[in-house]
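Trainee: My structure is below; once you've seen it, I'll send some questions.
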Amino acid sequence: MKNRIILMFWLLSVTGISIADEKVVELFPVFHRGKWGYINKSGKIVIPPQYDGAWDFSEGLAAVQVGDVRGYIDEKGNMVIKPQFSMTRKFSEGKAAVFVGAGKFGTMMDMRGSGQWKYIDKTGNFLFEKVTTQFAAADDFHEGEARVKFVFNVHLRSSFINTNGVVRQFVNKPVGIFSEGLAAIAPKQNYGYMDHSGNMVIPEEFQDAGPFSEGLARVKKDNKWFFIDKTGKQAFPGEYENAGDFSEGLAAVQTGGLWGCIDKSGKIVIEPKYDFIAPFSEGIARIVVKGKHGFMDKSGKVIVEPKFDGAWDFSKGLARVVIDEKEGYIDKTGKYVWEPTESPYQSK
């Protein structure tokens with residue numbers, strides 16, 4: 001318990017955020033009569049449908065689209081940052097990446113530099129204005145650093161920017177997010193792990209590498225995936241065709257073309273029989289069988305039969321699902337709290 005408390009305060013010190021920033025808003029975007037609004041967990045409309053696009057709340061704010069541009073609203077529906085951006089990301093550690101310049105919703109920055117990604121705070125003010133690099137992509141913040149990319153000779157190069165606006169040296173391969181103090185990075189050909197001080201603490205010997213989660217990370221070597229600990233040693237015997245991150249004590253792994261789950265000792269606790277298994281969230285994991293999405297619990301029991309054309313993971317008690325291009329929400333029993341009766345895709 002003491003170590004957990006120390007870790008929590010260390011994270012707060014490097015990220016510069018407070019517990020108050022982690023405001024949870026239990027509202028969910030829905031499409032109704034040609035516009036987007038928000039419902040609560042019981043399915044009641046709280047913010048009337050009025051937007052051309054709407055995204056999940058994060059740290060008390062949600063991006064919404066009005067015409068071709070996006071801004072941010074609070075939980076009461078007040079527009080706190082006026083629509084002015086072509087694209088937006090969620091708020092993380094008090095900051096959000098936004099796309100500024102030419103282009104409409106759904107377009108990416110072209111190689112001629114007609115626009116760029118920047119960061120704003122919760123008042124809409126631009127941050128890091130002294131940074132001269134034009135970002136072609138910008139990610140959310142994790143542990144005080146965010147992944148960014150820029151175009152060099154028509155190629156994307158990757159790096160990190162911290163909360164002070166300091167950009168690390170760029171590399172040619174994509175970088176991983178910082179998690180549990182480490183990030184996967186390939187300064188040359190192979191991936192290793194770097195700490196916040198820039199030290200390579202795990203040697204560069206992997207073809208690919210995922211983030212650390214619950215003390216372990218999935219890595220690829222000789223075209224096989226396995227798990228390592230923070231010393232860089234293989235955590236337990238077992239190599240897989242593919243693997244997911246650990247969540248809630250379990251990780252999905254692929255063997256023989258099918259996915260099952262292992263525990264942190266490498267023991268198979270859910271036999272491989274699914275086409276895909278997403279990470280566990282709120283005790284439930286999304287599964288895919290013959291192109292249809294459903295859900296199972298940590299014992300492997302299917303609690304919602306695979307019948308959806310698409311689905312998101314459970315968050316704040318609900319999961320977003322898609323049938324025939326119509327979106328709805330279910331609770332953990334599989335009961336609809338918002339019926340999928342309208343399609344936001346067919347309206348465009």
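What follows is calculated from the coordinates using simple rules that are stated; it is not laboratory data. As the structure is a computational prediction, the values presented were derived from the model and not from experiment. Cβ sites come from the backbone with ideal geometry, for glycine too, and all protein chains shown count toward neighbours.
Trainee: Taking the chain as a Gaussian network, where each spring joins two C-alpha atoms under 10 Å apart, which residue of GLY291, GLY37, GLY260 fluctuates the most?
Mentor: GLY291
Trainee: On to the next question. How large is the helix-only mean residue ellipticity at 222 nm for the chain, computed as the sum of -39500 (n - 2.57) over DSSP H runs with n ≥ 4, divided by its residue count, in deg cm²/dmol to the nearest 500?
Mentor: Mean residue ellipticity at 222 nm (helix-derived): -1500 deg cm²/dmol.
Trainee: Another question about this same structure. Would you mind ranking SER197, SER265 by Cβ crowding within 10 Å, fewest neighbours first?
Mentor: On the way: SER197 7, SER265 10.
So the residues, fewest neighbours to most, are SER197, SER265.
Trainee: Under the 0.36 nm per residue contour assumption, what length would be gained going from the current alpha-carbon distance of TYR336 and LYS76 to full extension?
Mentor: Between TYR336 and LYS76, full extension yields 91.2 nm more.
Trainee: Which order do GLU143, GLU342, GLU248 fall in if you start with the one that has the fewest other Cβ atoms within 10 Å? Could you put the intermediate results ahead of the total?
Mentor: Working: GLU143 20, GLU342 17, GLU248 14.
The order, fewest Cβ neighbours first, is GLU248, GLU342, GLU143.
Trainee: If you take the beta carbon distance between VAL69 and GLU282 as r and set R0 to 41 Å, what does 1/(1 + (r/R0)^6) give as a FRET efficiency, to the nearest 0.05?
Mentor: Between VAL69 and GLU282 the formula returns 0.75.
Trainee: What are the ³J(HN,Hα) values, in whole Hz, obtained from phi via the Karplus relation 6.51 cos²θ - 1.76 cosθ + 1.60 with θ = phi - 60°, for each residue of region 188-196 in sequence order, with x given for Gly and Pro?
Mentor: 10, 9, 9, 8, x, 10, 10, 8, 5
Trainee: Considering Cα pairs under 8 angstrom that are at least six residues apart, work out the relative contact order of region 22-77 and quote it in whole percent.
Mentor: 29
Trainee: While we're looking at this one, here's another question. Just rank LYS273, LYS326, fewest to most, by other beta-carbon atoms within 10 angstrom. Walk me through the intermediate numbers first.
Mentor: Values: LYS273 13, LYS326 17.
Ascending Cβ contact count within 10 Å gives the list LYS273, LYS326.
Trainee: Taking a cut-off of 16 Å between Cα atoms, list the aspartates and glutamates near LYS273, but don't count ones fewer than 8 places away on the same chain.
Mentor: GLU241, ASP297, GLU305
Trainee: Do you know the relative contact order of the chain, to the nearest whole percent, from alpha carbon pairs under 8 angstrom that are 6+ apart?
Mentor: Relative contact order comes out at 7 percent.
Trainee: A follow-up question, please. What GluC sites (Glu not before Pro) in region 145-228 are in a loop by DSSP, with at most 15 other Cβ atoms within 10 Å of the Cβ?
Mentor: Those satisfying the criteria are GLU214.
Trainee: With P(r) over Cα pairs in 20 Å bins from 0, in percent defined as stated, name the option among (1) 26, 60, 14; (2) 22, 41, 27, 9, 0; (3) 29, 54, 17, 0 computed from the structure displayed.
Mentor: For P(r) over Cα pairs in 20 Å bins from 0, in percent, the calculated option is (1).
Trainee: Moving to a separate point now. Treating only the Cβ of Lys, Arg, Asp and Glu as charged (+1, +1, -1, -1), what charge dipole size does the chain show about its Cα centre? Round to the nearest 20 debye.
Mentor: The dipole of the chain has a size of about 340 debye.
Trainee: When the dipole is taken about the Cα centre of region 22-77, and only Lys, Arg (+1) and Asp, Glu (-1) are charged at their Cβ, what size is it in debye, to the nearest 20?
Mentor: 300
Trainee: Follow-up. Taking region 247-348, which chymotrypsin sites (Phe, Trp or Tyr not before Pro) meet the DSSP loop condition and have no more than 13 other C-beta atoms within 10 Å?
Mentor: TYR345
Trainee: Here is the link list: LYS35/LYS301; LYS23/LYS267; LYS95/LYS188; LYS188/LYS224. Which ones come out longer than 27 Å on Cα distance?
Mentor: Exceeds cut-off: LYS35/LYS301; LYS23/LYS267; LYS95/LYS188.
Trainee: Continuing with the same structure: Quick query: amide H of TYR274 versus all other amide H atoms, modeled in the peptide plane; which residues come in under 5 Å with a sequence gap of 5 or more or a different chain?
Mentor: The answer is TRP259.
Trainee: So, one more: Starting from the Cα-Cα distance between SER343 and ILE268, subtract it from 0.36 nm times their residue separation and give me the gain in nm to one decimal.
Mentor: Using 0.36 nm per residue and subtracting the Cα-Cα distance, I get 23.0 nm.
Trainee: Trypsin sites (Lys or Arg not before Pro) within region 186-240: which are DSSP loop residues with at most 14 other Cβ atoms inside 10 Å?
Mentor: LYS188, LYS233
Trainee: Still on this structure: Can you give the three extents of the C-alpha atoms in region 22-77 along their principal axes, from longest to shortest, in whole Å?
Mentor: Answer, in whole Å and largest first: 29, 22, 14 Å.
Trainee: Here is a follow-up. Pick from GLN65, GLN169, GLN207: which residue has the top mean-square fluctuation in a GNM of the chain where Cα pairs under 10 Å get a spring?
Mentor: Largest GNM mean-square fluctuation: GLN169.
Trainee: So how much slack lies between MET200 and LYS230, counting 0.36 nm per residue of separation and subtracting their Cα-Cα distance, in nm?
Mentor: Residue separation times 0.36 nm, minus the Cα-Cα distance, leaves 9.6 nm.
Trainee: Right, another one. Suppose a student asked you for the relative contact order of region 295-348, using Cα pairs under 8 Å spaced at least 6 residues apart; what percent would you report? Provide the component values of the computation, followed by the final result.
Mentor: On the way: 87 pairs, mean separation 12.4, N = 54.
The normalised contact order for region 295-348 reaches 23 percent.
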